[in-house]
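Encoded as structure tokens, the structure appears first; notes follow it.
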């Protein structure tokens, strides 16, 4: 199994969001997708998920261009809220069960229990931290081959971050590809083993995190500072 991004370019009116991004991702790894706001991380993820169409280039999953069938094997968690206020946490699971054949209610229940989320809770009553955990739980409730989490740590406190990271580690396996976008580089460093850097819409390198530490004597955070020197995170 592999996920390939081949010269992927996406242009919007008056702006090139990403340009000629090429890389190959393999199972058994947790990838950090790094870059300042506006660098193109979300655009690339949405292209991989099949939510937007590349202007040129293509995304391949198992040597086949991403299509309706392959999208069923790719789970994407967006930054935007996508649940209705009238829903309960339990309704969210039923909603996903209706849409995704690979969704496991049993797995979802286990993930909710691990993060102390009651299925009777109303969406409109959830704090930002609880909502973040719910989004992770319902995404990871799928038995997908590729998981993409766009800024899962945004706006939540340290304890909630720890719970989210534990869930990511629990769900990661040798049989899936995990991609996490975040500005919180130090938080990701403890769980990821590969780091992808995107700069101004261009691929700026992929690094083995352990090799950076052992061979180059540099942390992921310091590598980030090197790559984006002079570029401040938003």
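The values are calculated or read from the model by the stated rules, or taken from the named source; none is laboratory data. Since the structure is predicted, the reported quantities are computational estimates derived from the model, not experimental observations. Reconstructed Cβ throughout: ideal geometry from the backbone, glycine too, with neighbour counts over all protein chains shown.
Structure data summary
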{"read-out": "Residues located in the range 179-206, provided they are at pLDDT 90 or above, surrounded by fewer than 18 Cβ atoms within 10 Å (Cβ to Cβ) and within 13 Å of residue 31 (Cα to Cα)", "value": "191, 193, 205, 206"}
{"read-out": "From 10, 73, residue being over 26 Å from residue 223 (Cα atoms), touching a strand residue (DSSP E or B) at 6+ places or on another chain (Cβ under 8 Å) and modelled with pLDDT under 95", "value": "73"}
{"read-out": "Residue 119, sole failed condition from (1) surrounded by fewer than 18 Cβ atoms within 10 Å (Cβ to Cβ); (2) at pLDDT below 95; (3) farther than 22 Å from residue 195 by Cβ", "value": "(2)"}
{"read-out": "Unmet requirement for residue 26, which otherwise passes all of (1) modelled with pLDDT of 95 or more; (2) surrounded by fewer than 16 Cβ atoms within 10 Å (Cβ to Cβ); (3) within 18 Å of residue 204 (Cα to Cα); (4) under 16 Å from the mean Cα position of the chain (by Cα)", "value": "(3)"}
{"read-out": "Single condition residue 173 does not satisfy, out of (1) in a helix (DSSP H, G or I); (2) surrounded by fewer than 22 Cβ atoms within 10 Å (Cβ to Cβ)", "value": "(1)"}
{"read-out": "Complete set of residues in the range 186-232 that are more than 30 Å from residue 56 (Cβ to Cβ), in contact with a strand residue (DSSP E or B) (Cβ under 9 Å, 6 or more places away or on another chain) and outside any helix (DSSP H, G or I)", "value": "191, 193, 215, 216"}
{"read-out": "Of all residues in the range 98-112 being closer than 13 Å to residue 140 by Cβ and out of contact with any helix residue (DSSP H, G or I) (no Cβ under 8 Å at 6 or more places or on another chain), the one that is surrounded by the fewest Cβ atoms within 10 Å (Cβ to Cβ)", "value": "106"}
{"read-out": "Output for the range 79-100, where each listed residue is under 26 Å from residue 44 (Cβ atoms) and without any contact (Cβ under 8 Å) to a residue 40 or more places away in the chain", "value": "80, 82, 99"}
{"read-out": "Residue in the range 35-43 that is modelled with pLDDT of 90 or more, at negative phi and not in a helix (DSSP H, G or I) present", "value": "yes"}
